[in-house]
Each structure stands twice: as structure tokens, then as C-alpha cells.
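Below you'll find the structure, written out as C-alpha cells, and then a few comments.
What follows is calculated from the coordinates using simple rules that are stated; it is not laboratory data. Being a predicted model, the structure only gives us computed values, none of them experimental. Methodologically, a virtual Cβ is constructed for each residue, glycine included, from the backbone with ideal geometry; neighbour enumeration extends over all protein chains shown.
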Amino acid sequence: MHKKNIPARRVAGYIALYTLLILLAAVALLPLVYMGSLSLQSDAEVFSGIPVLWPAAPQFQNYLVIWQKAPFARFFLNSFIVAGAITLSHLFFDPLAGYVFAKFRFPLKNVLFLLFLGTMMIPFFVRMIPLYILMAQLNWLDSYQAMIAPFLMSAFGIFLMRQFIQPLPFELIDAARLDGCSEFGIYWRIILPQVKPALATLGLFTFIFQWDEFIWPLIVVNSTEMRTMPIGLTLFNQEYFTQWNYTATGAVVLFVPILVLFLCTQKYFVKGISLTGLK
């Protein structure tokens, strides 16, 4: 067999392309690497004024100290409850609404769908004050309800699920109806199994956004025990200085669950962002 000769110009192009990709990956990973390095530095190295890529004596005990300096176990639990509850709500209600908009006919359907999409153009800061007043009137401030209730559904999630459900053939639904399946049974047994990639994408996006949410919990939470992880990190901000090594350590702890979730769902996530239809 004769080996295929690759033109030198194409080889040079491959080398340049991969070199550029490696450089871009290094630029993207550098902040994460430095955050990990900062989490292992001592106070002297942090305030020396000289950037340290790897500390001379890694302070692994920083990962134990932060749990002693603040109730991070409670912060972690709060973040998990809030992000988990909102994600589960999105995974149930967003596909349900998307199914209705994709496969049902009713008056003003398109108008209502456009109104849903229109809410995506309203900045959260415009809705923030009315939402806060509503939470105060319901006496929900400083509670899980205040952090969860305003985000139980999203227009983006409904739009995403509608786009995935719309190409599904009506024959599947009609056959299920002829077999006596209820409308909710069709949704649960027929529709949801067909849109697993979209569900994984929606769940990942929702969990990441809510896990990292800062502004809304900062506004509605008053007590220390109700803080989430991003709000809990502010305990290391003093009046005249910030304990950057402990803040970076908490940020690493905050980042790990997101990384694990992505690794567990990456197969479906890749399929989801490609917006594939039926196989």
C-alpha cells in the first residue's frame, strides 16, 4: 500500500491551527490554574505582590480552614437545595409547556409564545424590585421560598424544549392516544424519553446558573445560615483587605460540583447543543 503524501502547506496549516488552539486553551485555563494555586498559598505569598504559579509550601489545610472559619457545610447545602429544586422544576415544567406550544392547537397560541419570548428581553434588574416587594408581602424574605419561587420556569427553557419537541412526529402521539394513554402519560412516556439531550442541556444550564447566582440571594437573604456558597464567600472580605487564598479555596469548592455534573452529562450535552431531532 502506498502512503498518501500530505502537502507541506496542509501540514503547516495543521500545525498553525493546533498551535493556536493550544494557546487559546492555555489562556482559557490560566485563570483556573491560578485560582487553584491561590487556594494553596499562604498569607505571606498572597500579599507579597508577586504572582505565584505554584506555592513553595502548598497549604492544603486551607481546604479545612474554610469549613472552620465559616459554616460552609450549610452554605453548600443551601446552594444544593436552591439550585436542585429550581433545576428539577425546570426539567418538569419547561418541557410540559414546550409540549403544549409544540403539539397543541388553541387560540392565540403564537401570540402567547411570542409574549413568553418577549420576557427574555426584560433585564432581571427591572423585575428585581417588584419581586422583592412581592417576597416581602408574602413574608418569604430570608427563606428558601424567596430564592426558589421566582425561577421555577424560564422562557428560554420553554423555547428550547419546544424546538426539540416540534419535529417529533404526530404519529407517535396519535398512536398513544388510540391505545388509551392520557395526555400526561404521552408527555411522560413518549415525549420526555425522546428529548433526553435537550433535558440534559437544560438541566446543566439551569443548575450552573442557579449554583452561581449571586445578586438575588444577596438581596433576599439576611441571616448567615441562609446564605448560599457565592454569598458565603463574601465572609472573607474584610473592611481593609480580602483573604484571597480562602476566597479562592471556596471558589474551587464551588467549581467542583459543576465540573462533576458536566462530566456526567457531557454526552447528552453535546447532543443537546447540536439541536438534533429524532435519530
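Which value does Rg/Rh take for the stretch 1-144 over its C-alpha atoms, Rh per Kirkwood?
Numbers: Rg = 26.4 Å, Rh = 22.5 Å.
Ratio value, two decimals: 1.18.
With an 8 Å cut-off on Cα pairs and a minimum separation of 6 or more residues, tell me the relative contact order of the chain in percent. Don't jump to the answer; show the numbers that get you there.
Details: 263 pairs, mean separation 84.2, N = 279.
Taking the mean separation of contacting Cα pairs over the length of the chain, I get 30 percent.
Mind checking the stretch 82-158 for trypsin sites (Lys or Arg not before Pro) that DSSP puts in a loop (not H, G, I, E or B) and that have at most 14 other Cβ atoms within 10 Å? Write out the running numbers ahead of the final one.
Details: sites: 103, 105, 109, 127; in loops: 105.
The qualifying sites are 105.
Collect residues whose amide H, placed 1.01 Å from N in the peptide plane, falls under 5 Å from the amide H of residue 41; neighbours closer than 5 in sequence don't count.
Hits under the 5 Å cutoff: 59.
Counting other Cβ atoms within 10 Å of each Cβ, which GluC sites (Glu not before Pro) in the stretch 138-244 have at most 13 and sit in a DSSP loop?
Details: sites: 171, 183, 213, 225, 239; in loops: 213, 239.
Those that pass, being in a loop and sparsely packed, are 239.
Once every DSSP H run of n ≥ 4 in the chain is given -39500 (n - 2.57) and the sum is divided by its residues, what mean residue ellipticity at 222 nm do you get, rounded to the nearest 500 deg cm²/dmol? All intermediate terms of the calculation are to be shown ahead of the outcome.
On the way: 14 runs with 185 residues, N = 279.
Value at 222 nm, helices only, nearest 500: -21000 deg cm²/dmol.
What number comes out for the charge environment of residue 113, summing +1 per Lys or Arg and -1 per Asp or Glu over other residues with Cβ under 15 Å away? Each step should come with its number before you reach the end.
Working: positive: 103, 105, 109, 162; negative: 94.
That works out to +3.
Can you check how the C-alpha radius of gyration of the chain compares to 2.2 N^0.38 Å, as a plain ratio? Working shown, then result.
Numbers: Rg = 24.2 Å, N = 279, 2.2 N^0.38 = 18.7 Å.
That works out to 1.30 for the chain.
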